[in-house]
Amino acid sequence: MVVKSELEKLGLFKTIISLGEVTITELISPLQLEQFNTALKKSGFELMEEQKGILIGKIKNIIIEFVHYSDEQMKKNFPEYLSKKLNHDYAYLASLFLEVHSSTVAIFFIIHKIERVKELLVFFKLILTEIATHLN
């Protein structure tokens, strides 16, 4: 909503907005781009135009979606799932993530699984065996 609002303030209405990604289908001036970037930073967001940064953002979003919002997918092989989702070899994605993020995809994945366990314990009052089954 913040992103959409800031784009509309700049007169940019022809956009496609999804989690972590914005496609602007009309011409945008360098001034508008700078104003948009400044507005995003004030709201705690960051404009990533570099391909590596964009790919890292997509990896993070997929991990968060996979762990926190998808019950049935936990039984899938995550490296294979990530590779298919981004149409890149997992080894490439993992090395890129390590290069840019100074941490591995596996560690980022485990950190989010731990956070999910906390949520299931506190908010859903599940017992550990239920959580273990749920998170595979």
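The values are calculated or read from the model by the stated rules, or taken from the named source; none is laboratory data. As the structure is a prediction and not an experimental result, all values here were calculated from the model. As a convention, Cβ positions derive from the backbone with ideal geometry for all residues, glycine included, and neighbour counts pool all protein chains shown.
Taken as a whole, the range 51-61 holds no residue that is at pLDDT below 80, in the same structural domain as Ile111 (by TED's automatic domain parsing) and aliphatic (A, V, I, L, M).
In the range 1-53, the residue that is surrounded by the fewest Cβ atoms within 10 Å (Cβ to Cβ) out of those that are in contact with a Leu (Cβ under 9 Å, 6 or more places away or on another chain), among the aliphatic types (A, V, I, L, M) and part of a strand (DSSP E or B) is Ile17.
Looking at Val117, Val67, Val122, which is the one that is surrounded by 15 or more Cβ atoms within 10 Å (Cβ to Cβ), over 29 Å from Lys4 (Cβ atoms) and of a type in the set (Val, Ile, Thr)?
Working: Val67 fails: over 29 Å from Lys4 (Cβ atoms); Val122 fails: surrounded by 15 or more Cβ atoms within 10 Å (Cβ to Cβ).
Among Val117, Val67, Val122, only Val117 is surrounded by 15 or more Cβ atoms within 10 Å (Cβ to Cβ), over 29 Å from Lys4 (Cβ atoms) and of a type in the set (Val, Ile, Thr).
Looking at (1) crowded, with 17+ Cβ neighbours inside 10 Å; (2) more than 30 Å from Lys14 (Cβ to Cβ), find the lone condition where Ile59 falls short. Of the numbered conditions (1) crowded, with 17+ Cβ neighbours inside 10 Å; (2) more than 30 Å from Lys14 (Cβ to Cβ), the odd one out for Ile59 is (2).
Residues of the range 122-136 that are closer than 16 Å to Phe66 by Cα, part of a helix (DSSP H, G or I) and of a type outside the set (A, V, I, L, M, F, W, C): Thr133, His134. Within the set Ser102, Ser95, the sole residue that is free of Cβ contacts under 8 Å to residues at least 24 places away in the same chain, under 28 Å from Thr23 (Cβ atoms) and surrounded by fewer than 16 Cβ atoms within 10 Å (Cβ to Cβ) turns out to be Ser95. For the range 15-54, the candidate set comprises residues that are closer than 29 Å to His88 by Cβ and basic (Lys, Arg); within that set, the residue that is nearest to the chain's Cα centre (by Cα) is Lys52.
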